[in-house]
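Below: one structure, written as structure tokens.
The values are calculated or read from the model by the stated rules, or taken from the named source; none is laboratory data. Since the structure is predicted, the reported quantities are computational estimates derived from the model, not experimental observations. When we count neighbours, we look across all protein chains shown, and the Cβ atoms used for this are built from the backbone with ideal geometry, even at glycine.
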Amino acid sequence: MKQNYREQVQKAQAHIASHRKRKRFVSLSRLLIFIALVLWMYFSWYSAATIPVGLLLLIGFFALVKVDEKLRRRITFAEELIRYNQRELDLLEHNFQQTDGKPVKSISLDHPYAADLDLFGQKSLFALLNASASEQGKLRLQELLMNFRSEPNDVAGRQSFIKEYAPKHEMRSAFFAHLKSAELSTKKYDSLKSWIGESIKSTSWYLPLMIIFSVGSLIVAILSIIGQIPEVYSLYWFLLGMMIVGSQYKTNNPKFSDLTDFVSDLSAVKQAIEILEQNRTDSKVVKMPAGSGSDRLQKLSKITDLVESRANLIVGTVLNGFFLWDFLLIHRLANWHCDNAASLSDWLTAVTDFDAYNGIAAFAMRNESFVYPALTDTGFEAKQLGHPLIPDNERVSSDFSLVNSQQFAIVTGANMAGKSTFLRTIASNMVLGMLGAPVVAKELAFRPVPLFTSMRTEDSLAEHESYFFAELKRLKAVVESLDKGQELFIILDEILKGTNSADKAKGSEAFLEKLLSYNSRGIIATHDLSLCELEGKHLQKIVNKSFEVEFVNDQLQFDYKLRDGVCQNMNASFLLEKMGLVNKVSS
């Protein structure tokens, strides 16, 4: 795997070296041609060959400008290929320094699970999965992580899509590099989508008038050259053309201005679409429209080249004064828009969706030892389940199941024994599984249902909420969802922490009893061993699990292994004593 990524980096580095060498040669040639043009125009001003040779030199100069721009784009493309593959190499070493785990939009504390899991941040699930080249793809991935559809057919569709594209590393890296080269910011993307969604129409008399006026310009020019009319008539004709174009300037110019906002990015976007066209799928996950999106963009690019010509003050003025150039451009834009806008909008959506799933497919390829979960009608059963953010050489895996009539597992254990990490292991793998990604397990079978957690409740001074009241609101949200008939997988860590032990035990037991009456499953971690007595009361519905700690040579030893039953050892007093916070505590 590493060798594959390294080879991609080495190839890209070789291309950069070659392109930069050619670019230096082109830049030097362009400079020499410019000097030659200046000298030629100076020393041969009165020669008959001045204009023809000058035009040839000017054409050569601008041709080299285009070659230089093409080489610049190729260098940028190769640099982005290196970035993509280097990210994969870094993540294989569990290095998150070059990852982007920051969400595009702020995360609400009321979200069912986002605040409790390490979804966002430098070392997060989002950082593991985010290989998006655009802000739109990154936002789409954030939405997937937080609002995925948990229906089995949707999960199976995403899983099938990831399986199809995970092995296509070169295709996905090229897609990333092209789209990243476009630097399609949210503002530009919104501008492009807005422009596509506009109604662009050409006034019916634009084209006929443009043709008639252009023919008139040629006639006036010929008559002026052969001396049939005074040369000043050409000026009058030119001014007439400028007046006609000027009368429509306020109507037409905004359409050109919007287009030029993103014109420089169309080539890279077109190449990204071409890659999707060459690797089409029938999947509903990324819906690729019929027809060629790249051809549609190519036609638009040809028009935008003409639009850019009018941006040159001299060229634009001449073309409008003698040929009503704006009228021709509006006519061509209106025709293109009528035939292509709707389809191109769908292609841009496909590009955004694929950009989001690219990182999930990369995650799957990078972790070939992970497995795709089996989707079942009921329960949760895992073998050697581990946390995706813990390195392989540090990860401790556990078996866990809630099957048949079992609804809830009560997990007990000493401080730092691994309870909270285990809860996040379950939740993180459920999120991965429902995204369609492989999970960190030897085997996993589960029923895809919405996830709800309560693990990191915080008080709020702004809302005048205490810690305890914030937690009650969280638990109320769980019950409200269940009351609506929604099936949930619930993960709770030490509920009712904001009250005294006796009250907490009584309240926790009553709340768990209530949860058993709903169509739900889940896990509750607690230090309150009295809650474990519910297993005897609900033999078929509740199971006890635990993490243990051992005291060896006056030191704590953790193995972070999940066990059946209730934990036997606690360590709070021991830790207080070790840190010098209390006097020696009798055993």
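Points worth noting:
- Exactly one residue out of Asp305, Asp261 is within 23 Å of the chain's Cα centre (by Cα), modelled with pLDDT under 85, closer than 22 Å to Ser199 by Cα and surrounded by fewer than 19 Cβ atoms within 10 Å (Cβ to Cβ): that is Asp261.
- Looking only at segment 414-434, residues that are outside any helix (DSSP H, G or I) and either among the hydrophobic types (A, V, I, L, M, F, W, C) or at pLDDT 90 or above (or both) come to 3 in all.
- Of note, Ser204 satisfies the criterion of being small (Gly, Ala, Ser) and part of a loop (DSSP other than H, G, I, E, B).
- Residue list for segment 108-127, restricted to those being under 13 Å from Leu145 (Cα atoms), touching a residue at least 24 places away in the same chain (Cβ under 8 Å) and either in contact with a strand residue (DSSP E or B) (Cβ under 7 Å, 6 or more places away or on another chain) or assigned to a loop (DSSP other than H, G, I, E, B) (or both): His111, Pro112, Tyr113, Ala114, Ala115, Leu117, Asp118, Leu119, Ser124
- In segment 141-167, the residues that are among the charged types (D, E, K, R), at pLDDT 95 or above and buried (at least 16 other Cβ atoms within 10 Å of the Cβ): Arg158
- Some residue of segment 244-255 being under 30 Å from Glu80 (Cβ atoms), in a helix (DSSP H, G or I) and not assigned by TED's automatic domain parsing to the domain that holds Arg74: no
- Enumeration of residues in segment 376-413 that are assigned to a strand (DSSP E or B), in contact (Cβ under 8 Å) with a residue 60 or more places away in the chain and more than 25 Å from Asn153 (Cβ to Cβ): Lys383, Ser398, Asp399, Phe400, Phe408, Ala409, Ile410, Val411, Thr412, Gly413
- In segment 94-123, of all residues being out of contact with any Lys or Arg (no Cβ under 9 Å at 6 or more places or on another chain) and hydroxyl-bearing (Ser, Thr, Tyr), the one that is surrounded by the most Cβ atoms within 10 Å (Cβ to Cβ) corresponds to Tyr113.
- Segment 354-395, subset among the β-branched types (Val, Ile, Thr) and within 20 Å of Arg447 (Cβ to Cβ), residue modelled with the highest pLDDT: Val371
- Residues that are of a type in the set (Lys, Arg) number at least 2 in the following helices (runs of 4 or more DSSP H) confined to segment 266-339: 293-311.
- Hits in segment 435-450 - residues which are over 10 Å from Phe370 (Cβ atoms) and part of a loop (DSSP other than H, G, I, E, B): Gly436, Arg447, Pro448, Val449, Pro450
- Filtered by the rule that a residue be closer than 30 Å to Ala78 by Cβ, hydrophobic (A, V, I, L, M, F, W, C) and part of a helix (DSSP H, G or I), segment 160-195 gives Phe161, Ile162, Met171, Ala174, Phe175, Phe176, Ala177, Leu179, Ala182, Leu192.
- Residues that are surrounded by 23 or more Cβ atoms within 10 Å (Cβ to Cβ) and either closer than 23 Å to Phe126 by Cα or more than 30 Å from the chain's Cα centre (by Cα) (or both) within segment 353-381 comprise Phe354, Asp355, Ala356, Tyr357, Asn358, Gly359, Ile360, Ala361, Ala362, Phe363, Pro373, listed in sequence order.
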